[in-house]
1. Across the stretch 52-77, which residue is nearest to Lys190 (Cα to Cα) among those that are within 12 Å of ligand 2 (Cβ to nearest atom) and in contact (Cβ under 8 Å) with a residue 40 or more places away in the chain?
2. Can you name the condition, by its number, that Ser45 falls short on among (1) under 21 Å from Asp220 (Cβ atoms); (2) at pLDDT 95 or above?
3. Taking the stretch 24-76 as the search range and keeping residues that are more than 19 Å from the chain's Cα centre (by Cα) and surrounded by 18 or more Cβ atoms within 10 Å (Cβ to Cβ), which one is nearest to Val93 (Cα to Cα)?
4. Going residue by residue through the stretch 178-188, is there one that turns out to be of a type in the set (Val, Ile, Thr), more than 16 Å from ligand 2 (Cβ to nearest atom) and in contact with a Phe, Trp or Tyr (Cβ under 9 Å, 6 or more places away or on another chain)?
5. Condition test on Ser47, is it in contact (Cβ under 8 Å) with a residue 60 or more places away in the chain and in contact with a Leu (Cβ under 8 Å, 6 or more places away or on another chain)?
6. For residues that are closer than 17 Å to Ala158 by Cα and either part of a helix (DSSP H, G or I) or not β-branched (Val, Ile, Thr) (or both), tally how many sit in the stretch 59-106.
7. Report whether or not Val93 is of a type in the set (A, V, I, L, M) and touching a strand residue (DSSP E or B) at 6+ places or on another chain (Cβ under 6 Å).
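The values are calculated or read from the model by the stated rules, or taken from the named source; none is laboratory data. Keep in mind it's a predicted model, so treat the numbers as computed, not measured. Note that we place each Cβ from the backbone using ideal geometry, even for glycine, and neighbour counts take in every protein chain shown.
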Amino acid sequence: MKKNSIIKMVDIAKVYDGGEFHTQALKDIDLDVESGDFLAITGRSGSGKSTLMHIIGLLDTPSSGKYILNGTDVSKLDEDEQALQRNKEIGFVFQQFNLLPKLSALDNVILPSIYAGTASKERTEKADMLLTMLGLADHINKRPNQMSGGQQQRVAIARALMNDPELILADEPTGNLDTASGDDVMKTLKQLNKEGKTIVLITHEHDIALQARKILHLEDGRLIEK
Ligand SMILES: Nc1ncnc2c1ncn2[C@@H]1O[C@H](COP(=O)(O)OP(=O)(O)OP(=O)(O)O)[C@@H](O)[C@H]1O
Ligand SMILES: [Mg+2]
């Protein structure tokens, strides 16, 4: 039986048009990611990886084409509805961790659930549980600059899990990490995938991509199966 598609894209294109320059960042993108998949997208610098990730993550809109996220045609949603859908369905992990420097690990993890309106006690318990699950029980009160890069990235993963998203989007999550910390992050992503999360991982590192279940390659804005 075919599983549900969590991401379905048909003929997506993205053009950046800034007057004197005109970049076709994506073209003819057809993508079908099933619930529970672990997909890696690779490609050279400038091939369109982050652009595709931003469209998948409802951080940007395509110039044309159709995108259905978990059964919803996102082109029919207004900006507020898109933000709600993004907060509910997607957890983001970025290369630069994007943690708030003045907040503790715990408060960084709690943040997305404040926007989602979860009760305060429940939020704290959940953030604590996630940080403990990710091996950070001894670090919950530290600020980002008091932690290693690998620890910061695991805080970012805990934050991404806070609203129980079905989909995790990770753009070069190991890009700023040494090999050992990068391995830890990959282990964590693989474990989450085993537990049922759908993962889309963007990387230019071939050995990282090989750890996913499926690899697609972007070349000048087009997706190629390898
Ligand atoms: N906001 C923007 N305005 C204009 N052009 C852009 C913009 N963002 C990206 N581009 C262009 O679109 C193309 C794809 O960029 P993108 O950032 O998606 O590449 P990438 O594969 O993520 O590269 P990298 O590996 O360096 O992160 C590039 O040619 C880039 O210059
Ligand atoms: Mg990029």
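1. Met53
2. Of the numbered conditions (1) under 21 Å from Asp220 (Cβ atoms); (2) at pLDDT 95 or above, the odd one out for Ser45 is (2).
3. That would be Ala25.
4. Just the residues of the stretch 178-188 that are of a type in the set (Val, Ile, Thr), to begin with: 179, 185, 188.
Pick out the ones that are also more than 16 Å from ligand 2 (Cβ to nearest atom) and you get 179, 185, 188.
Checking the rest, the ones that are also in contact with a Phe, Trp or Tyr (Cβ under 9 Å, 6 or more places away or on another chain) come to none.
No, because not a single residue in the stretch 178-188 is of a type in the set (Val, Ile, Thr), more than 16 Å from ligand 2 (Cβ to nearest atom) and in contact with a Phe, Trp or Tyr (Cβ under 9 Å, 6 or more places away or on another chain).
5. In short, yes.
6. So the count comes out to 18.
7. Criteria met by Val93.
One line per residue, one yes/no per condition, for (1) in contact (Cβ under 8 Å) with a residue 40 or more places away in the chain; (2) under 22 Å from Met53 (Cα atoms); (3) not aliphatic (A, V, I, L, M):
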residue: Arg154; (1), (2), (3): no, yes, yes
residue: Leu167; (1), (2), (3): yes, yes, no
residue: Asp178; (1), (2), (3): no, no, yes
residue: Ser181; (1), (2), (3): no, no, yes
residue: Thr188; (1), (2), (3): yes, yes, yes
residue: His206; (1), (2), (3): yes, yes, yes
residue: Gln211; (1), (2), (3): yes, yes, yes
residue: Ile215; (1), (2), (3): yes, yes, no
